[in-house]
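Scroll down for the structure; my scribbles are underneath it.
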4 protein chains.
Amino acid sequence: MSGTTRSRRADAERSLAALLAAAADVFVADGVNAPVRAVAARAGVGVGTIYRHFPTRADLVVAVYRHQVEELAASGAAAAAAAVAPLDDLRRWVHRFTDFLVTKHGLASAVSTDDATSGALHALLVERLVPTCGALLDAAESAGLARPGTDPYQLLRGVGNLCIGAEGDPRYDARRLVDLLLDGLRHP
Amino acid sequence: MSGTTRSRRADAERSLAALLAAAADVFVADGVNAPVRAVAARAGVGVGTIYRHFPTRADLVVAVYRHQVEELAASGAAAAAAAVAPLDDLRRWVHRFTDFLVTKHGLASAVSTDDATSGALHALLVERLVPTCGALLDAAESAGLARPGTDPYQLLRGVGNLCIGAEGDPRYDARRLVDLLLDGLRHP
Amino acid sequence: MSGTTRSRRADAERSLAALLAAAADVFVADGVNAPVRAVAARAGVGVGTIYRHFPTRADLVVAVYRHQVEELAASGAAAAAAAVAPLDDLRRWVHRFTDFLVTKHGLASAVSTDDATSGALHALLVERLVPTCGALLDAAESAGLARPGTDPYQLLRGVGNLCIGAEGDPRYDARRLVDLLLDGLRHP
Amino acid sequence: MSGTTRSRRADAERSLAALLAAAADVFVADGVNAPVRAVAARAGVGVGTIYRHFPTRADLVVAVYRHQVEELAASGAAAAAAAVAPLDDLRRWVHRFTDFLVTKHGLASAVSTDDATSGALHALLVERLVPTCGALLDAAESAGLARPGTDPYQLLRGVGNLCIGAEGDPRYDARRLVDLLLDGLRHP
DNA sequence: GATGAATGAGATTTCATTCAT
DNA sequence: GATGAATGAAATCTCATTCAT
């Protein structure tokens, strides 16, 4: 009995994970605005299956990235707590954020946009990452390494924006520009 | 006869200018992705008229901004030629570029995107502004005021990206981030 | 063993009754067209369980109301047999029918409709209530209190129709209109 | 020039009329809830054409019936103004309303329902017909031929309800029941 | 017996673009 | 040259019903 239950739940979890993986693939390939139907096709399921798990397209998108966002938030918080080399910590964390964004076609723009589609994603990113970014910034400022008065929300959005369209344009190097931005943050 | 011809041509030019003005209004209000019908309605013409002048939506968008892009290119080129205070010239020019972008809902993203819709606009911006930006950068580098090795295309795209979604989010200040980026460009 | 069997059957009956009660609740709240999933959720069972007991949505609907319909049929038949004040009996019975219908969002329309969804319910109502209504009408006609020639099926459908949408519109009073209809039935 | 314009407009009007006729056909056959696509297919046009003329399904439905509703309102108003035989006028007008409704599958229920789909239709019917019905009722009451205190909205809804599902059920005669209701309205 | 995940047809609505007049 | 009616592919979301576990 318990065995049956467990295996069913395991199946469900596995197929849900498969679904999220398929969605992640499609989002990488076609952007986060890819039609739900495309995700369904890729996952080999009907659209209904997706809507069963995620009542709204936005819910699916959020689910796909929540894990990584949480990890990002946690790692940054840990670094801020240690604060051995505050500006380096910030830079390292921002680099991780950058890497996260540039590999997801269309995700970076969700940091900026607040429209119906990506509103939930925007909310997730802001809610989870702004505090972490703020903690890192504070540490750097307290150590006298960064000029004061920078809003972590702005910095996050700036970095997010710099990552837009980075993938697929060999002439554009988002990481380099992000570094430039961080350099500009240093105490003059 | 020649008089008639001239007045007809004048008429045509005037109505075309009116059409572009209407398009500009609509793009400011609803973004560059506004439906063609909205532009037609605003201009008081049929959609067919628009498609006659501009075979594709992209052509219309390009036409709308060509003037301002040309001016921007020219003003930058003039400043680079004079080169009295190279880094300040660059900063001033970038500020003008920033002002141009943030007031056009959705235009900034066209600097990055290369898709079907805004491909032509992207091409225009790159073709006309990269050389100017490059000249200004070169001047600043030659004067030893900016670190060498920055690709003007990248800088332009970076600035463009930072302007995305600036309008309508009071917590985000594109100009401040652009300044940060330029600060980062300074010789260390 | 017999004890076990009996208790199992009792369990089954109890859970089935609970299911019907849940369905009744949902139908009152959201109408008889409420999704099966809503019923399942309310009952705390899976949809499969519902489809096991009731192969079709219509079967569920019928099962939900069968009890009350039977009671209504029986009470009317008793009154017709007694026939002390035939027209009053008819009116009282029709009032009870009216009360039954107006409290069930969307049920009244099933008296009229014969489509796939509510066909079975229609059949139940017609089969069980028309004879009773006929008996009451006959009694009233025999006593010279009602004009002859009224088809009980028609009267039932008329009353049913008058109850449609009664709930939720404070400006509409189904009972008053039903009374008007019955007044029109009186011998001129 | 004027000729061209006129003929184009004439074409447009003709095709719009054809579209409304097709919609009316489909509504008679499948009810007012028939999919827009069905109407498009019947009219031999694309769905876009319909949405161009009627931004919403509801707008289409309203457009289909507006003409007849207006006529009904006008004829009733005229009769109420004359008021030679008030109760007969009311009866005649109600008969016309009845005839209007029973020939349109699913229209009658719109008199009652106020949901998203048929909200606009409900509004049209109430707005245009309640005043007329009220005038006719007043005349009949003033002449001492109808019992006072009947709300025209209620009467209209009652008649509307009685017409629901009249088409296609040979055992049901909406007109007879409407007559019964009107009889009940007479002064006792 | 029970479960609930999966299915997939179908409904509404939007818009770039074409083309007969 | 101008017009705007027509097109139709696409996208999101809903739900009755089936069936493997």
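The values are calculated or read from the model by the stated rules, or taken from the named source; none is laboratory data. The shown structure was predicted, so the numbers you read here are calculated from the model rather than taken from an experiment. Positions of Cβ are generated from backbone atoms using ideal geometry, with glycine treated the same way; all protein chains shown enter the neighbour counts.
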Q.
within 12 Å of the chain's Cα centre (by Cα) and hydroxyl-bearing (Ser, Thr, Tyr): which single residue out of A:Thr103, A:Thr132, A:Thr49, A:Thr113 fits that description?
A. A:Thr103
Q | C:Leu107 being more than 16 Å from DNA strand F (Cβ to nearest atom) and either farther than 18 Å from C:Gly31 by Cα or not hydroxyl-bearing (Ser, Thr, Tyr) (or both) | A | no
Q.
Of everything in the range A:30-46, what is surrounded by 15 or more Cβ atoms within 10 Å (Cβ to Cβ) and either near DNA strand F (Cβ under 6 Å from one of its atoms) or over 21 Å from the mean Cα position of the chain (by Cα) (or both)? Give them in sequence order.
A. A:Val36, A:Ala38, A:Ala40, A:Arg42, A:Ala43, A:Val45
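Which of the residues that make up the range C:161-180 are out of contact with any Gly (no Cβ under 8 Å at 6 or more places or on another chain) and either β-branched (Val, Ile, Thr) or within 17 Å of C:Leu136 (Cα to Cα) (or both)? If you could, list the steps in order and put the result at the bottom.
Restricting attention to the range C:161-180, the residues satisfying the condition of being out of contact with any Gly (no Cβ under 8 Å at 6 or more places or on another chain) are C:163-171, C:173-176, C:178.
Matches in the range C:161-180: C:Ile164, C:Val178.
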Q.
Being within 14 Å of another protein chain (Cβ to nearest Cβ), basic (Lys, Arg), without any contact (Cβ under 8 Å) to a residue 60 or more places away in the chain and within 13 Å of DNA strand E (Cβ to nearest atom) is true for just one of D:Arg52, D:Arg14. Which residue is that?
A. D:Arg52
**Q.** Matching residues in the range C:160-185 - criterion: being in a loop (DSSP other than H, G, I, E, B), touching a residue at least 60 places away in the same chain (Cβ under 8 Å) and in contact with a Phe, Trp or Tyr (Cβ under 9 Å, 6 or more places away or on another chain)
**A.** C:Cys163, C:Ala166
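Can you say whether B:Val26 is touching a helix residue (DSSP H, G or I) at 6+ places or on another chain (Cβ under 6 Å) and closer than 19 Å to B:Glu167 by Cα, as far as the supplied structure shows? Step through it out loud before you land on a result.
Values: touching a helix residue (DSSP H, G or I) at 6+ places or on another chain (Cβ under 6 Å): yes; closer than 19 Å to B:Glu167 by Cα: yes.
For B:Val26, the condition - touching a helix residue (DSSP H, G or I) at 6+ places or on another chain (Cβ under 6 Å) and closer than 19 Å to B:Glu167 by Cα - is met.
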Q) Looking at D:Val102, D:Val26, which one is in contact (Cβ under 8 Å) with a residue 60 or more places away in the chain and out of contact with any His (no Cβ under 6 Å at 6 or more places or on another chain)? A) D:Val102
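Any chance the range B:57-64 includes a residue that's surrounded by 14 or more Cβ atoms within 10 Å (Cβ to Cβ), over 30 Å from B:Gly144 (Cα atoms) and within 12 Å of DNA strand F (Cβ to nearest atom)?
The answer is no, given that none of the residues of the range B:57-64 is surrounded by 14 or more Cβ atoms within 10 Å (Cβ to Cβ), over 30 Å from B:Gly144 (Cα atoms) and within 12 Å of DNA strand F (Cβ to nearest atom).
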Q: Return the pairs, sorted by first residue and then second, in which the second residue is basic (Lys, Arg) and more than 10 Å from DNA strand F (Cβ to nearest atom), the first residue lies in the range A:55-73 and is within 18 Å of A:Ala38 (Cα to Cα), the beta carbons are less than 7 Å apart, and the residues are 6+ apart or on different chains.
A: none
Q. Out of the range C:81-104, which residues are surrounded by 17 or more Cβ atoms within 10 Å (Cβ to Cβ) and closer than 11 Å to C:Cys163 by Cβ?
A. C:Val94, C:Phe97, C:Thr98, C:Phe100, C:Leu101, C:Val102, C:Lys104
(Q) Exactly one of these conditions fails for B:Thr113: (1) over 16 Å from B:Ala74 (Cα atoms); (2) more than 10 Å from every other protein chain (Cβ to nearest Cβ). Give me its number. (A) (2)
Q. Surrounded by 15 or more Cβ atoms within 10 Å (Cβ to Cβ) and of a type outside the set (D, E, K, R), is that true of B:His67?
A. no
Q) Which of (1) more than 16 Å from DNA strand F (Cβ to nearest atom); (2) in contact with a Leu (Cβ under 9 Å, 6 or more places away or on another chain); (3) of a type outside the set (A, V, I, L, M, F, W, C) does B:His53 not meet, given it meets every other one? A) (1)
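Which of the residues spanning the range A:148-159 are within 9 Å of chain B (Cβ to nearest Cβ) and either free of Cβ contacts under 8 Å to residues at least 24 places away in the same chain or in contact with a Pro (Cβ under 8 Å, 6 or more places away or on another chain) (or both)? First the steps, then the outcome.
Pass one, the range A:148-159, residues within 9 Å of chain B (Cβ to nearest Cβ): A:150-151, A:153-155, A:157-158.
Those that are within 9 Å of chain B (Cβ to nearest Cβ) and either free of Cβ contacts under 8 Å to residues at least 24 places away in the same chain or in contact with a Pro (Cβ under 8 Å, 6 or more places away or on another chain) (or both): A:Asp151, A:Gln154, A:Gly158.
For the range B:126-144, indicate whether the set of residues that are in the same structural domain as B:Ala81 (by TED's automatic domain parsing), of a type in the set (Lys, Arg) and in a helix (DSSP H, G or I) is non-empty. Give the derivation first.
Going residue by residue through the range B:126-144, those that are in the same structural domain as B:Ala81 (by TED's automatic domain parsing) are B:126-144.
So of that shortlist, the ones also of a type in the set (Lys, Arg) come out as B:128.
Those still in the list that are in a helix (DSSP H, G or I) too: B:128.
Within the range B:126-144, one or more residues are in the same structural domain as B:Ala81 (by TED's automatic domain parsing), of a type in the set (Lys, Arg) and in a helix (DSSP H, G or I).
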**Q.** Counted residues, the range D:19-40 - those being within 10 Å of DNA strand E (Cβ to nearest atom) and either over 22 Å from D:Ala123 (Cβ atoms) or not hydrophobic (A, V, I, L, M, F, W, C) (or both)
**A.** 6
Q. B:Gly119: in contact with a helix residue (DSSP H, G or I) (Cβ under 7 Å, 6 or more places away or on another chain) and surrounded by 24 or more Cβ atoms within 10 Å (Cβ to Cβ), yes or no?
A. no
Q: State the number of residues belonging to the range D:160-178 that are more than 7 Å from chain C (Cβ to nearest Cβ) and surrounded by 17 or more Cβ atoms within 10 Å (Cβ to Cβ).
A: 6
**Q.** Given (1) among the small types (Gly, Ala, Ser); (2) within 19 Å of D:Val126 (Cα to Cα); (3) not assigned by TED's automatic domain parsing to the domain that holds D:Leu129, number of the condition D:Gly48 does not satisfy
**A.** (2)
